[in-house]
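Every read-out reported here was derived from the displayed coordinates using simple, explicitly stated rules and does not represent laboratory data. All of these numbers come straight from a predicted model, not from anything done at the bench. Note: ideal-geometry Cβ built from the backbone for every residue, glycine included; neighbour counts use all protein chains shown.
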Amino acid sequence: MDKNTFWRLIDEVNSQVAGTDYDGILRATQEKLLTYTPEEIADWGSIQRYYKDMADTGGIFATSCFLNDYMSDDGFNDFRMWLISRGKDTYMTALKNPDSLADLELPEDIQSMMDTRWEGYGYVANYAYRQTGRTDSVYDVMERRPLTVAQKADIRVEIDYFPHPIQNDAEATLLLPKLHKKYGKVGFNKYFPDPVSGTNRFYRDAIQIAARYGYRAEVSPIFDAAFDILERNGERICAINKRVGMFPDSFTTLPKNEAFCEMMSEIRTAMEYFELREQEGHFDHAIVREPSLITYYEQAAKLIKDAKFSARLDIETDEILEIINEHSRQVAKVNGYSGSLSYNGLIPNDLRDAVQDLRLRIPFENAKRWKHPTVKKPPSLPG
């Protein structure tokens, strides 16, 4: 069983059964799977699960929100299974450009019908395996026969991802115009609060430092993830970013007075201090609404370091953790509340799983406010 056979089976079923006949697709898929050995059925399930994981992106999540009135973590799992069921061309095109799903011919009431959340398709390998006469579980076989590094790499090499991160309604509306026009408001409904942009310890401290020296600081309308240092009369002096410091093209001349130089020295010291703390795996300086995020970050940083990557706080908010490769390139962002990742496929699958699983093992201190998604059991066999 390989990726080509996996997709060929799905395409054969879709050529024989209408896309709205979910029961018919399940029956036809099971029948075709039963022409393979039990081990090959399990391998098909492993490939299906990996393609589901590869579709865990902000763009696909935004699309699932457009196509449904409400979207949870479990619902997003089911949506990605539905996406796989549509075939290779639809799946690959959606990962490259999620807005392409606006071109699919779907029922007008698709949002309220929830027809794009197909839980049962995620269990089709299990349904087929149980009909082989084997007494063990398909999931046990999948665990004993995991996809190899080469198999995963062979799957990833074909995937061309949408180049823009989407993490909120505004970005989804801007970057997915056809879906927005067709389905209206996206609505990022999640179990957890959205990270708050601008909640960042470095920026807060820098604003306080500027005030002590008689200057003002406010979010820059020109430079990304930066704040402007202003004179009391509102004239901009320069823009500062926690990664690069002062933007070279944000000023023409700088004040020569001693106060300004001392202020900039303090801001630079603060930037270097927080950077060093994060390099050492300490995140107790972060500004977060949920204290358990600190524990999560520090334990996740150890996992990330063991995998030869590094961790640091996001450039805009301390409620997101970035995973950085050896070339100082950001390869993933981790939501501190849910543990969900937006990434470009350049981190190992086992690292992603470990970082997500870790969040589930660390209890929230504000337990009444946040909750982890429940783990569902497979439904009964279809009649």
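Listed values, structure above:
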| quantity | calculated |
| --- | --- |
| Computed FRET value (nearest 0.05) for I362 with V331, which takes r as the C-beta separation and R₀ as 35 Å | 0.95 |
| Sequence-separation-based contact order of segment 292-361, relative, with Cα cut under 8 Å and 6+ spacing, percent | 25 percent |
| For S340, residues with placed amide H under 5 Å, excluding near neighbours | N335 |
| Rel. contact order, % - alpha carbon contacts under 8 angstrom, at least six apart, segment 22-96 | 28 percent |
| Derived scalar couplings ³J(HN,Hα) [segment 35-50; Karplus, 6.51 cos²θ - 1.76 cosθ + 1.60; whole Hz; x for Gly, Pro] | 7, 9, 6, x, 5, 5, 4, 4, 5, 4, x, 5, 5, 4, 5, 6 |
| Inter-centroid distance (Cα atoms) of segment 11-43 relative to segment 234-279, Å | 60 Å |
| Global geometry of segment 3-183, whether rounded, prolate or oblate, following the gyration tensor of its Cα atoms and the 1.5 cut on a/c | prolate |
| Phi to ³J(HN,Hα) by Karplus 6.51 cos²θ - 1.76 cosθ + 1.60 over segment 135-140, Hz, x for Gly, Pro | 9, 7, 9, 4, 6, 5 |
| Computed over the chain: relative contact order in percent, which uses C-alpha pairs under 8 Å that are six or more apart | 14 percent |
| Overall dimensions of the chain by Cα: Rg and Dmax, Å | 24.1, 84 |
| Given K32/K96; K302/K333; K3/K305; K3/K96; K152/K305; K52/K242, the pairs whose alpha carbons are separated by over 24 Å | K32/K96; K3/K305; K52/K242 |
| Theoretical ellipticity at 222 nm over the chain - DSSP helices of four or more residues, -39500 (n - 2.57) apiece, nearest 500 | -14000 deg cm²/dmol |
| Residues T116, T199 arranged by fewest to most Cβ contacts within 10 Å | T199, T116 |
| Hz values of 3J(HN,Hα) by residue in segment 279-286 - Karplus curve (6.51, -1.76, 1.60), Gly and Pro given as x | 4, 7, x, 10, 9, 6, 8, 5 |
| Binned Cα-Cα distance frequencies in segment 201-279 - 5 Å width, integer % | 3, 16, 29, 29, 16, 5, 1, 0 |
| Highest to lowest packing among 149-158, 221-230, scored as the average C-beta count within 10 Å | 221-230, 149-158 |
| Packing-based ranking, highest mean first, of 312-319, 200-207, 282-289 given that Cβ atoms within 10 Å are counted | 312-319, 200-207, 282-289 |
| Stretch gain in nm, segment S15-K308, where the contour uses 0.36 nm per residue and the Cα spacing is subtracted | 101.0 nm |
| Top positive-direction residue, dipole computed over the chain with Cβ charges, set A332, P255, V138 | V138 |
